[in-house]
Amino acid sequence: MADRYAVIGHPVAHSKSPWIHAQFARATGEDLEYGSIDASPGEFALAVERFRAQGGKGLNVTLPFKEEAFQLCAQTSARAAAARAVNTLVLDRERPYGDNTDGVGLVRDLCENRGRRLAGAQVLLLGAGGAAQGVLGALVQQAPACVVVANRTPARAQALAARWPGTEACGFDALAGRRFDLLVNATSAGLAGELPPLPAGLFAPGSLAYDMVYGRDTEFLAMARAAGAQAADGLGMLVEQAAESFLVWRGVRPETRAVLAALRAG
Ligand code: ATR
């Protein structure tokens, strides 16, 4: 019988993960099936345990359960501990083990797929919620010249940046007069069709604006294009974090290029 994996979240019906992992399994010849589990809030731990009891070997965790998944784990990777969130559960052990592949997924999309060099770059991370927390450590590890965390509520940015030596924190107004090579939007503003109120002039020549939201052209990306910056949505990050999870579970890293191209082609 094929090994069983799934993505768990709420809602989860439109997740692309089952399709992505089916492509990875076919390309690598790994014998697995990958489904989806919609867990009601309050029933996450129960749903995980049920899947495990049925022989499930691993889960991808998506909104809104990543922090809860972290709490559930007896042991986690260093990167999951740093993010205080888990998006990859390994269940074929005595106790659940948690990892987080979101940060490396973003960095691989930036560096491998888009040829960007983060070392020495001026980096701006917008937002201080779960999405920002999940990727800040991976960005810092690339040794950029600076990382500024800016948030609508500055106190949240300060609390996040305080955990990463060398990073700065501020509100949006305080960004006036600064310029960045990479601007990552980790706010959920785009999901509501909103634009974080950013001062003009943030985009350095040749800069890249990256929105972690995918499947829609956000106001942030439209603004970046209008300012002459390159714009990227989070689809590549989605595929790269999936590939890294596949590696954690199966010990083999699938190629991502064809899968990403097929998703882009729609
Ligand atoms: P997620 O897990 O998606 O990061 P979250 O923890 O609720 O969700 O955080 C949402 C982030 O988007 C926060 O940084 C939030 O700013 P506040 O901390 O000030 O609430 C940010 N955000 C949401 N809507 C926004 C908007 N319209 N403009 C700017 N920032 C917004």
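Observations on the structure shown:
- The distance linking region 61-87 with region 92-157 is 15 Å (Cα centroid to Cα centroid, whole angstrom).
- Ranked by the mean number of other Cβ atoms within 10 Å of their residues, highest first, the peptides 29-36, 59-66, 157-164 come out as 59-66, 157-164, 29-36.
- In region 1-96, taking the dipole from charged Cβ atoms about the Cα centre, the farthest positive-side position among F44, V61, A83 is held by A83.
- With the simple spin-label model, which puts each label point 7 Å out from Cα in the Cβ direction, the T153 to R264 separation comes to 3.7 nm.
- Selection from G134, V184, Q158, by position along the positive dipole direction of region 131-266 (Cβ): G134
- Helical runs assigned H by DSSP (4 residues or longer) give the chain a calculated mean residue ellipticity at 222 nm of -10500 deg cm²/dmol, each run adding -39500 (n - 2.57) before division by the residue total.
- For the chain, the fraction of 1.4 Å probe accessible surface lying on carbon and sulfur atoms is 49 percent.
- For the pair R117 and S40, the difference between a 0.36 nm per residue extended length and the Cα-Cα distance amounts to 23.6 nm.
- If the segment from D31 to S188 were pulled out straight at 0.36 nm per residue, it would be longer than the present Cα-Cα gap by 52.9 nm.
- Accessible area of L263 in the full protein assembly, 1.4 Å probe (Å², nearest 10): 30
- For C146 and L195, a Förster radius of 30 Å and the Cβ-Cβ distance give a FRET efficiency of 0.80, rounded to the nearest 0.05.
- Cα shape, the chain, gyration tensor, a/c 1.5 rule: prolate
- Beta bridges per DSSP with both ends in the chain, % antiparallel, nearest 5: 15
- Accessible surface calculations at 1.4 Å, restricted to protein heavy atoms, place region 1-104 at 49 Å² per residue.
The values are calculated or read from the model by the stated rules, or taken from the named source; none is laboratory data. Remember, predicted model here, so these are calculated numbers, not experimental data. Positions of Cβ are generated from backbone atoms using ideal geometry, with glycine treated the same way; all protein chains shown enter the neighbour counts. In case anyone asks, the SASA skips ligands and DNA or RNA and just uses the protein heavy atoms, side chains included. Shrake-Rupley method; radii C 1.70, N 1.55, O 1.52, S 1.80 Å.
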